[in-house]
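Student: Have a look at this one before I ask anything.
Readers should treat all values here as calculations from the given coordinates under stated rules, not as data from a laboratory. The structure presented is a predicted model; accordingly, all values stated were derived computationally and were not measured. Here the Cβ positions follow ideal geometry from the backbone for every residue, glycine too, while neighbour counts run over all protein chains shown.
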C-alpha cells in the first residue's frame, strides 16, 4: 500500500512550516488526497511536486475560487478561452497573498461580485487581459532599459487598449540563500561561479523578467548558469528548493522568508506591484468599488498588518 503523509510530515521533509504546505496545496503546486476530513499526500504526489516544472504539466484549469484548492499552470491556463462566457464572477490574475484579501473585500461589498483567482504570472496575466480571458491583471514587470515598472509592458501587451493602472504596493525582491550565505552570493555575477546551482521561475513571471533583464544588462549568458532551465511556479517553491538543498540560490520576494527559517535574503531591488483593468470596464459599477476598496483606509490598515509591504502609495492611480 502506498505511503500517505500528513501535512506536518511533508513540512518536516521539506524543511518548511506546516501552513506553507497548506498554501502549496491551495495553490495547486502540491496535490493531495482527502480522506474523510483529513488531507494526505502520497509518495507519488510528493515526488511529482519535487520534480514539477511547467513543461511537464499536461492539463490545468484557468481559475480557482479563493476557497477552493486547484491547479494553476500558466501555459495551459491561457488555453481556456471560453471561460468568461460562462462566468458571473470576476477573475483576478496574480500570485501575491494580498489578492486573497482583496477578493474577500470585493465579495463582502454590497455591490461586489464573486471572485475567482488565476495564478498566472505578470506577462501572461496582461496577455490574458488583452484577450478578455480575465477581468483584472496584476503585474510587477521591470524594464531594465529605463528602470521603470509595468507601464511599458502594459502599452505593448495591450496595444490600442485604454487601461486603468492602480498601485497596490512595493515589495523587495532578492536572492534566497542558505543561512549564513555559505556560497557568498552577492549579485547576479555570482550565479555563474563554479559550484553554484540556481532554480528559476517560469517564463512570464515578473521575477523571471527581472532576472533576464539583469542578465541582459550585465551581458551574462543564461546558458552559463547551472539550473537556469529548471523552472518552478512560485516564490514559495523557489525558497523551498533552496531550503532543501536542491539549489544554492533562487530569486523571490522577502515576505516568503518568514516560512523558511533556514534561509537568508540578499536584497536586489524594490519592485512596484500594480493592478490593471480595461478602462471600458468602468461602465460596470464593481470596478469603481474595487478602486474605492484599494484606496480605503480600512483595506490599507489590514495590509499594514502584513510584513514586507511598502504601502506609501497604495491606491494611487498611475495611469
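Student: Using a simple spin-label model with points 7 Å from Cα along the Cα→Cβ vector, what separation in nm is obtained for residue 17 and residue 270?
Tutor: For residue 17 paired with residue 270, the spin-label model returns 2.4 nm.
Student: Same structure, new question: Using only DSSP helix segments of four residues or longer, with each worth -39500 (n - 2.57), what per-residue ellipticity at 222 nm results for the chain after dividing by its residue count and rounding to 500?
Tutor: Roughly -8500 deg cm²/dmol at 222 nm, from the helical runs in the chain.
Student: Let me have the relative contact order for the stretch 197-291, percent, based on Cα pairs under 8 Å that are six or more residues apart.
Tutor: That works out to 27 percent.
Student: Neighbouring Cβ atoms within 10 Å as the yardstick, rank 212, 146, 12, 274 fewest first.
Tutor: With the fewest neighbours first, 212, 146, 12, 274 line up as 146, 12, 212, 274.
Student: Using label points projected 7 Å from each Cα along Cα→Cβ, tell me how many nm separate residue 288 and residue 44, to one decimal.
Tutor: Using points 7 Å along Cα→Cβ, the separation is 5.3 nm.
Student: At q = 0.12 Å⁻¹, what is the log10 ratio I(q)/I(0) for the stretch 173-270, with the Debye formula run over Cα points and no solvent?
Tutor: Calculated log10 I(q)/I(0) at the listed q: -0.31.
Student: Which distance in nm do the two modelled labels at residue 305 and residue 34 give, with both placed 7 Å along the Cα-to-Cβ direction?
Tutor: 2.7 nm
Student: Give me the distance between the Cα centres of the stretch 102-141 and the stretch 151-188, rounded to whole Å.
Tutor: A separation of 18 Å, based on Cα centres.
Student: Please give the contour-minus-distance gain from residue 317 to residue 189: 0.36 nm per residue of separation, less the Cα-Cα distance, rounded to one decimal in nm. Numbers along the way, then the final one.
Tutor: Values: separation 128, 0.36 × 128 = 46.08 nm, distance 3.64 nm.
Here the answer is 42.4 nm.
Student: What relative contact order, as a whole-number percentage, does the chain give when Cα pairs under 8 Å and 6 or more residues apart are counted?
Tutor: Working: 603 pairs, mean separation 64.9, N = 319.
The normalised contact order for the chain reaches 20 percent.
Student: Can you tell me how much longer the chain between residue 298 and residue 148 gets when fully stretched, taken as 0.36 nm per residue apart minus their C-alpha distance, in nm with one decimal?
Tutor: Stretched out fully, the residue 298 to residue 148 stretch lengthens by 51.1 nm.
Student: Another question, if that's okay. Could you check which residue among 158, 46, 111 shows the biggest mean-square fluctuation in a GNM of the chain with a 10 Å Cα cutoff?
Tutor: So, out of 158, 46, 111, the one fluctuating most is 111.
Student: Taking neighbour counts of Cβ atoms within 10 Å as a proxy for exposure, in what order, fewest first, do 34, 17, 170 appear?
Tutor: If I rank by nearby Cβ atoms, fewest first, I get 34, 17, 170.
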